[in-house]
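Step one of this worksheet: look at the structure below.
The values are calculated or read from the model by the stated rules, or taken from the named source; none is laboratory data. Keep in mind the model is a prediction, meaning the values are calculated, not measured. In this analysis, Cβ positions are derived from the backbone assuming ideal geometry, glycine residues included, and neighbour counts consider all displayed protein chains.
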Amino acid sequence: MAWAKTSWACHGVPAAVEAELCQLSSAHMESKSITCGFLTDSLSQVAWHGDGTYFIEAQQGYFWNFDSSITYNAWVKLWPGRFAALSLTELSELVLAALDPHAPVAETFAFIKKQHGAQEAPWVVHFYQDTTHTAEALESTVPSQPIQDIRLQRVERDPEKPKFFRWAVSKWSGQPHPKDSWELNLEKGQKVKVWEHMGNNCRVPEDARNTYTQFQNDMRKLLVPGQLREFPPFREYMSDCTNAACQPLKEDTELGICAHDLQMLLEGSGQYCYDWLKEERNVWHPDKFARYCQPSHKEHLKSSAQEVFVLYGVLMDNCEE
C-alpha cells in the first residue's frame, strides 16, 4: 500500500482493510490489479496482517480490528481502567501501532503512547510465541476487560464547524480614516464579508474571492462520508438578494436562498462558466450526496441537496442564454 496526502492505492491487502479505506474515501476506483481512492484528509498510520487484523489512523479518526486475544489483551492493557469505548482525546496519546504482516498470525506488534515529562512512555510489545513485554508503569496494572468490547471499533472525529460571517455593503467610497493603512479603500455599494465584530464599528472583512475559498474549505471539512447530520448553512456565505420576485421562493424552501444568492457566491471562484457549473453541480446530486449523510438523516439531507442541484441547473440555463 502507498499513500500521499489524500490519495492512496493498494494491492493484495486484506479485504477488511480495503473495505475500511473505501468507506473513508470520498471516491474510489477498483481494477483487476489495484484499488485507489481519495480521502478528505490524509492518513497517518496503516498497519495490518493477513488474518484481518488492522489499525488505521487518519484525520477522520481511528479504526481497528484485533482478532487475536493476545493482541486484544495487550491493547486493553495499554488503557488501564477503561470500561467503555476510548475517546479521541485518549487515542491521541497513541504514537505508534505497528503490526508485523509477515508473522504467522497477528501476534507480533508494538503499541507505544506519548511520553510525559521524565516518565517512561507507556508501551506494549509482543513477538510471536513469546511473552508480552510492557513498560514498567503498566506492569503493575491488572488489565480489566472493558464492558464494551473494543476488538473492532471506529472512533471518528466530528467534522470541524466552519466560522460564519455576515455580508456588509459600503455606503460610501473611500476610507473613513485615510491615514489608517489597515482600513479598506472601498467603492460605494461594494460588498464585503464581516468575519468578526471588533467593537466601535470596527470589523474584519473579506472579499468575494476569499469568501468562496472559505466556502470550499468548509465544505471539505463538513462533507465527510457517513458523518453529515445537518445540511451546510449556505445562507451564512451569501448576501441577501433583494429581488422581490425571489422572496416567495426563499421563504418556501429549506435553504432560504435563490439562484442570485448562489451566483454571487460562485462568481468568487473566478471560474464561473457553464462547464464549471456542470462539474461542480455533481457534488450536490442527491444520490451522490447521500454518501456524506448519516443513515438516519439521509432522506432529509438529500432533499436539501436536491434544492442546491436545481439552483445550479438554473444558473447553467442562464449561462446558455
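Points worth noting:
- Within the option set THR89, THR71, being surrounded by 21 or more Cβ atoms within 10 Å (Cβ to Cβ) and not in a strand (DSSP E or B) holds for one residue only, THR71.
- Residue check, GLU236 among the charged types (D, E, K, R), under 23 Å from SER170 (Cβ atoms) and not in a loop (DSSP other than H, G, I, E, B): yes
- Flag for LEU262 being of a type in the set (A, V, I, L, M), assigned to a helix (DSSP H, G or I) and touching a Phe, Trp or Tyr at 6+ places or on another chain (Cβ under 6 Å): no
- Scanning the range 15-62 for residues that are among the hydroxyl-bearing types (Ser, Thr, Tyr) and touching a Leu at 6+ places or on another chain (Cβ under 9 Å), we see that the one that is surrounded by the fewest Cβ atoms within 10 Å (Cβ to Cβ) is SER26.
- Top-ranked residue in the range 6-63 [being touching a helix residue (DSSP H, G or I) at 6+ places or on another chain (Cβ under 7 Å), assigned to a loop (DSSP other than H, G, I, E, B) and touching a residue at least 60 places away in the same chain (Cβ under 8 Å); ranked as nearest to THR89 (Cα to Cα)]: GLN60
- Meets criteria (surrounded by fewer than 21 Cβ atoms within 10 Å (Cβ to Cβ) and in contact with a helix residue (DSSP H, G or I) (Cβ under 7 Å, 6 or more places away or on another chain)) for GLU120: yes
- Here LEU39 passes the criteria (1) out of contact with any strand residue (DSSP E or B) (no Cβ under 8 Å at 6 or more places or on another chain); (2) over 13 Å from PHE109 (Cβ atoms) except the one numbered (1).
- Consider the range 277-315 and keep the residues that are touching a residue at least 40 places away in the same chain (Cβ under 8 Å) and not in a helix (DSSP H, G or I). The one that is farthest from GLU251 (Cα to Cα) is GLN294.
- Boolean, PHE231 is out of contact with any Gly (no Cβ under 8 Å at 6 or more places or on another chain), closer than 26 Å to GLY61 by Cβ, among the hydrophobic types (A, V, I, L, M, F, W, C) and in a helix (DSSP H, G or I): no
- Residues that are modelled with pLDDT under 90 and of a type in the set (S, T, N, Q) were ranked within the range 288-321; the one that is surrounded by the fewest Cβ atoms within 10 Å (Cβ to Cβ) is SER296.
- The single condition among (1) touching an Asp or Glu at 6+ places or on another chain (Cβ under 7 Å); (2) over 30 Å from CYS22 (Cβ atoms); (3) basic (Lys, Arg) that ARG209 does not satisfy is (1).
- Taking the criterion of being modelled with pLDDT of 80 or more and touching an Asp or Glu at 6+ places or on another chain (Cβ under 6 Å), the residues of the range 220-259 that qualify are LYS221, LEU255.
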